[in-house]
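Remarks on the structure that follows.
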């Protein structure tokens with residue numbers, strides 16, 4: 001006796017709609033997870049770059065018993081022309097060839113792409129990455145004018161040349177209690193941040209010019225700017241800028257890297273930036 005079975009004609013419209021709904025639900029769960037993974041990866045890379053910069057500065061200090069100036073020709077070593085702290089750091093982040101080129105041709109070498117100086121988290125980054133940087137130097141640490149300014153006062157307007165003679169012995173507040181690097185946008189309004197730029201330019205690779213009067217936000221009196229848009233981003237005064245709403249990545253002078261909360265008080269931030277104020281940090285550090 002033969003049996004005949006009918007062939008299934010495929011999914012019904014209701015079944016297709018159910019499958020589609022399940023796929024959309026699954027996608028809704030996956031997208032935030034992928035975004036969190038990408039953010040975590042970007043933060044890890046940015047923190048690693050900050051760490052490499054800190055290690056490079058320690059190696060520089062080991063070699064010369066002094067840190068590079070904010071922007072000047074050092075009075076030690078075989079340095080031929082003025083440059084930023086970033087420029088003198090180049091041989092210590094595996095970019096000695098760029099440093100040698102800089103001594104012969106500043107303009108050309110200043111447009112080089114330095115991977116250690118660039119963060120994948122920066123929302124302002126464009127296709128053109130040559131010459132830009134995302135890890136700004138604290139003027140109150142590397143410039144003599146910053147050291148001479150009280151922690152709760154504004155620095156004088158930055159000049160084209162800002163000498164610096166900081167040594168670790170001078171950091172009386174302790175290396176682990178002093179910020180020397182923090183993140184900054186590569187592109188900011190009609191300016192930004194370039195690693196070879198002097199402090200008096202709108203492309204300066206520095207922050208800390210004025211003392212903070214309020215916690216992180218978008219204004220000029222904030223500790224740092226929190227993810228400003230292109231229109232909100234300030235080139236002056238020289239401010240650090242975060243890539244996340246929760247806080248900012250900062251390098252401490254002991255070589256460690258910290259994530260500082262956007263809720264940190266202005267007073268704690270000001271004390272962190274000044275290496276010799278002699279004041280204890282707040283509990284929000």
**Prompt:** From the list 57, 20, 37, 26, which one is at pLDDT 95 or above and either under 16 Å from residue 117 (Cβ atoms) or out of contact with any strand residue (DSSP E or B) (no Cβ under 7 Å at 6 or more places or on another chain) (or both)?
**Reply:** 57
**Request:** Within segment 163-200, work out how many residues are part of a loop (DSSP other than H, G, I, E, B), surrounded by 20 or more Cβ atoms within 10 Å (Cβ to Cβ) and under 19 Å from the mean Cα position of the chain (by Cα).
**Result:** 10
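Might you check whether a residue that is buried (at least 23 other Cβ atoms within 10 Å of the Cβ), under 17 Å from residue 274 (Cβ atoms) and either touching a strand residue (DSSP E or B) at 6+ places or on another chain (Cβ under 8 Å) or modelled with pLDDT of 95 or more (or both) occurs anywhere in segment 224-231? It would help to see each step written out before you state the result.
Looking only at segment 224-231, we keep the residues that are buried (at least 23 other Cβ atoms within 10 Å of the Cβ), and these are 224-225.
Going one step further and asking which of them are under 17 Å from residue 274 (Cβ atoms), we end up with 224.
Now restrict to residues that are either touching a strand residue (DSSP E or B) at 6+ places or on another chain (Cβ under 8 Å) or modelled with pLDDT of 95 or more (or both): 224.
Scanning segment 224-231, I find at least one residue that is buried (at least 23 other Cβ atoms within 10 Å of the Cβ), under 17 Å from residue 274 (Cβ atoms) and either touching a strand residue (DSSP E or B) at 6+ places or on another chain (Cβ under 8 Å) or modelled with pLDDT of 95 or more (or both), so the answer is yes.
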**Within segment 103-142, considering residues that are outside any loop (DSSP other than H, G, I, E, B) and at pLDDT below 90, the one surrounded by the most Cβ atoms within 10 Å (Cβ to Cβ)** = 109
**Asked** Can you name every residue in segment 229-244 that is part of a loop (DSSP other than H, G, I, E, B), free of Cβ contacts under 8 Å to residues at least 60 places away in the same chain and within 10 Å of residue 184 (Cβ to Cβ)?
**Response** 239
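Just give me the residues in segment 242-256 being surrounded by 18 or more Cβ atoms within 10 Å (Cβ to Cβ) and touching a strand residue (DSSP E or B) at 6+ places or on another chain (Cβ under 7 Å), in sequence order. Working first, answer last.
The initial filter retains those residues of segment 242-256 that are surrounded by 18 or more Cβ atoms within 10 Å (Cβ to Cβ), namely 242-244, 247-253.
242, 243, 247, 248, 249, 250, 251, 252, 253, listed by residue number.
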**Asked** So which residues in segment 247-282 are under 15 Å from the mean Cα position of the chain (by Cα) and assigned to a loop (DSSP other than H, G, I, E, B)?
**Response** 253, 255, 256, 262
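Would you pick out the residues in segment 61-86 that are assigned to a helix (DSSP H, G or I) and closer than 20 Å to residue 197 by Cα? Even if it seems obvious, please write down each step before you answer.
Let us first name the residues in segment 61-86 that are assigned to a helix (DSSP H, G or I), namely 61-64, 85-86.
Matches in segment 61-86: 85, 86.
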**Message:** Checking residue 160 against (1) free of Cβ contacts under 8 Å to residues at least 24 places away in the same chain; (2) surrounded by fewer than 17 Cβ atoms within 10 Å (Cβ to Cβ); (3) more than 25 Å from residue 229 (Cβ to Cβ): exactly one of these is not met. Which one?
**Reply:** (1)
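Just name the residue that is modelled with the lowest pLDDT out of those in segment 68-82 that are more than 19 Å from the chain's Cα centre (by Cα) and surrounded by 17 or more Cβ atoms within 10 Å (Cβ to Cβ). Can you show your working first?
From segment 68-82, those more than 19 Å from the chain's Cα centre (by Cα) are 72-82; that's our starting set.
Filter again for surrounded by 17 or more Cβ atoms within 10 Å (Cβ to Cβ), leaving 72, 74, 79, 82.
Values: 72: 96, 74: 88, 79: 81, 82: 92.
Once the filter is applied, the top-ranked residue is 79.
The values are calculated or read from the model by the stated rules, or taken from the named source; none is laboratory data. Note that the coordinates shown come from a computational prediction; the quantities given were computed from them, not determined experimentally. Reconstructed Cβ throughout: ideal geometry from the backbone, glycine too, with neighbour counts over all protein chains shown.
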